[in-house]
Amino acid sequence: QVQLVESGGDLVQPGGSLRLSCAASGTIFKIHSMGWYRQGPGKQRELVAHITSGGNPNYADSVKGRFTISRDNAKNTVYLQMNSLKPEDTAVYYCNTLATPTALGVPYEYWGQGTQVTVAS
């Protein structure tokens with residue numbers, strides 16, 4: 001199985017920056033896409049950013065120009081650089097990946113446990 005461990009969540013003032021990391025470990029044959037979702041208080045979980053195995057990113061409109069997603073395939077790690085943070089970015093951020101655990105397996109979707117990001121003064 002694939003385990004995802006996020007880190008980097010914190011309390012930050014509006015206008016500040018944070019960098020989230022998510023490392024995949026366990027039985028991994030191939031990691032396809034990786035992404036970040038978030039769930040704010042009283043809200044549904046939403047896509048923040050997604051990056052393909054080839055490195056092509058896409059972003060939610062609300063974070064375009066402020067957030068940057070990247071991945072290090074050698075480390076099975078995805079990052080989310082968040083700049084110009086706003087109070088409405090406050091949420092639990094979840095790492096997500098579509099990965100194939102074994103050579104004869106099929107792709108599954110995996111989730112991390114989440115990391116809290118709070119933007120407040």
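The values are calculated or read from the model by the stated rules, or taken from the named source; none is laboratory data. All figures in this text were calculated on a predicted structure; none of them were measured in a lab. In case anyone asks, the SASA skips ligands and DNA or RNA and just uses the protein heavy atoms, side chains included. Shrake-Rupley method; radii C 1.70, N 1.55, O 1.52, S 1.80 Å.
Before moving on, here are some points about what is shown:
- For segment 7-62, the equivalent ellipsoid derived from the Cα gyration tensor has semi-axes of 24, 15, 13 Å, listed largest first.
- Mean separation of Cα contacts under 8 Å, 6 or more apart, over the residue count of segment 81-120: relative contact order %: 49
- P(r) weight above 25 Å for the chain, C-alpha pairs, percent: 20
- In segment 56-108, the alpha-carbon atoms span a convex hull of 112 Å³ per residue.
- Of all aspartates and glutamates in the structure, those lying under 13 Å Cα to Cα from Lys64, and not within fewer than 8 positions of it along the same chain, are Asp89.
- Average Cα contact separation per residue, the chain, under 8 Å, 6 or more apart, as relative contact order %: 36
- Area of Thr77 that stays accessible when all protein chains are in place (1.4 Å probe, Å², to 10): 10
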